[in-house]
Structures are given as C-alpha cells and as structure tokens.
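The values are calculated or read from the model by the stated rules, or taken from the named source; none is laboratory data. Note that the structure is a prediction, hence the values are computed from the model and not measured. No Cβ is skipped: glycine too gets one built from the backbone with ideal geometry, and neighbour counts run over all protein chains shown. Quick note on the areas: whole protein, heavy atoms, side chains included, nothing else; ligands and nucleic acids left out. Shrake-Rupley method; radii C 1.70, N 1.55, O 1.52, S 1.80 Å.
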Amino acid sequence: MSDSLQQPGTSPCLVPFPVPTGPSTAVRDSGRHSGAAMATLDPATEAGVAAQVRRTLEAVFDTVAHTRADATALLTRIAAQGRRPATADLAALRPGLHLHLARQKLVSGVGFIAAPGLLGDVPSWLEWWQTGSDGALRPLQLDLDPRQSAYSDYTHWDWFALPRDTGRRAVAGPYVDYLCSDEYSLTLSAPVQVEGRFAGVAAADVYLRHFEAAVMPLLQELPGPAHLVNARGRVAASADPAHLVGSLTKGPDFGALLAAGRPGRHDGLRLVPCDDIPLVLVVAEG
C-alpha cells in the first residue's frame, strides 16, 4: 500500500483515516524539550534508545518470522505435490496464528496474505486472525470480489508492497483500524518466498497505543525533541510537537538510511536507525 493517507492503504483490516492533528498527552509533556537552551545530544544515549525500540518490536517480528516460516513450509510441501495451493490449505496455519495471538501481547492481529494468483480457487486471500475486544479470536472476513470491493487489490499497500519490492521487513502505518477495532495500528510484515518466487507476506498488527506506551518514555528521556519514522518517513511515535504521529517527515531518504544501517544527519536532525528494525530515530539538534 501507499503510505500516504490520501490513498487507500491499511493493514489487512485497516482503512485510512486522518490521524489526530493535536498532540498526544505524551507529546504535550515533551514541551520541556523546547526552548533556546537545549542539552547536548549524546550519541550513545540515542543508540541505546534505538536499541530498546528494536527490542520492543523484535518480539513482534519474531511472530512474523514464525508465520513466514510456517507459510513457506506449507507452500513448499504443496508445490512438491505438483499442485497449486487453495484457501482450504491455509487453514493449516491457524493453530500457529492462534498461538501467537495468545502469547504475544503486543500483537492484535496476525496472518499470511497471498500474492494474487498464488491460490487456485480465488484471485486473492488473507488468512488473517485477530483478537476482539472481548479477547476472543476471530478471522478477518473481507469481500475480495474485484467487481465490488475496494480491498480486492492490496498489492499497492505498504505492508505488502515494501516486502515484495525490497525483499526486506517493513513497518507500515499508523492507520486507523475502524473496520475492526477503531484503533490506530502499525503493521509489521516480511516477504514469503517459495522456490525463489514471491508468494505473499506474513504480517502482524500492533495497536499504536501499546507501542507508544512502550517507547514514549524512551523518547522523552532524550535531551532533544525526538520521534520515530518508518522507511517512508511516516511518524510512528513522537515526543516532538513539530512532528505529530501519522504525519510525514520530509527531506531525508529514510529507506536509504535504513539500507545503509548507519546514523546520519539532515538539516538539523540526527538520524539513528533502530538496528535491523525498519524504523529511524529522529532527534533535533540544538
């Protein structure tokens, strides 16, 4: 999907909706960072914050990795039988998906999204399960009929397009999941390949409020206003009133910075990749 809020773009069950234009409580609290006198930034401290952000999301990416491994193994077995997979085959993934939802508290939804044309009985499919507000597990049910559904072509959405085009993991969002939970969410995804060919993506959703609860204390401890962005420059969490969650930080090529894996600077900003997590810590220099 495009990471622009002006285009259809969501997690498997998310529909774009304008993010709040006012600062969150955490951002309002970060006002203490503003002013002419600003403490000198400590690269070691920034690296430590970036490392802690990585640890926060690595557990979710572990869920994505297990889902990818299960999908790859399943599709490889079916290919060895000399036939195309069908939607009924993907039911074999459900025990693992249910287990991930039960064990990983940050994960609100998880599944495998097939590349169009992969399955023999339908043009496209999302084997996606999520936790309801009552704690019960339920499947996502979307109308994927291309004649009447806006969700039938998900190939341009970032959670699908970035892993497909780069071969790497991706963090997409935040978006508003008002079809499923009315929650702002992030989607973490990774490509699934079978016999060298792209077969789809494994992905997991994280409620933004849970992610913010984990990382906002870290951002607020930095001596300068700080926020986190994905490869598109979309703000995923912020303790900087000048960069609200869901807005775009323009200028730097964050994708190139993540690919290089080295800190950089741009127009008064220090840019610190969160190790191998596709997020960049952005801190204003004094």
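General remarks:
- Single residue of segment 117-165 satisfying the filter (assigned to a loop (DSSP other than H, G, I, E, B) and touching a helix residue (DSSP H, G or I) at 6+ places or on another chain (Cβ under 7 Å)) that is modelled with the highest pLDDT: L119
- Failed item, numbered, when T63 is tested on (1) part of a helix (DSSP H, G or I); (2) open to solvent by less than 40 Å² (accessible area, probe 1.4 Å); (3) over 22 Å from L186 (Cβ atoms): (3)
- Scanning segment 101-126 for residues that are within 21 Å of Q193 (Cα to Cα) and touching a residue at least 40 places away in the same chain (Cβ under 8 Å) turns up V110, G111, F112, I113, A114, A115, L118, L126.
- Residue list for segment 101-116, restricted to those being farther than 16 Å from P191 by Cα and out of contact with any helix residue (DSSP H, G or I) (no Cβ under 6 Å at 6 or more places or on another chain): L101, A102, R103, K105, S108, G109
- Any chance A88 is at pLDDT 95 or above, open to solvent by 40 Å² or more (accessible area, probe 1.4 Å) and out of contact with any strand residue (DSSP E or B) (no Cβ under 8 Å at 6 or more places or on another chain): yes
- Under the condition of being touching a residue at least 12 places away in the same chain (Cβ under 8 Å) and of a type in the set (A, V, I, L, M, F, W, C), the residues counted in segment 68-87 number 5.
- Single residue of segment 91-107 satisfying the filter (basic (K, R) and assigned to a helix (DSSP H, G or I)) that is surrounded by the fewest Cβ atoms within 10 Å (Cβ to Cβ): R103
- Selection count, segment 236-262, where residues are over 15 Å from the mean Cα position of the chain (by Cα) and over 25 Å from A213 (Cα atoms): 10
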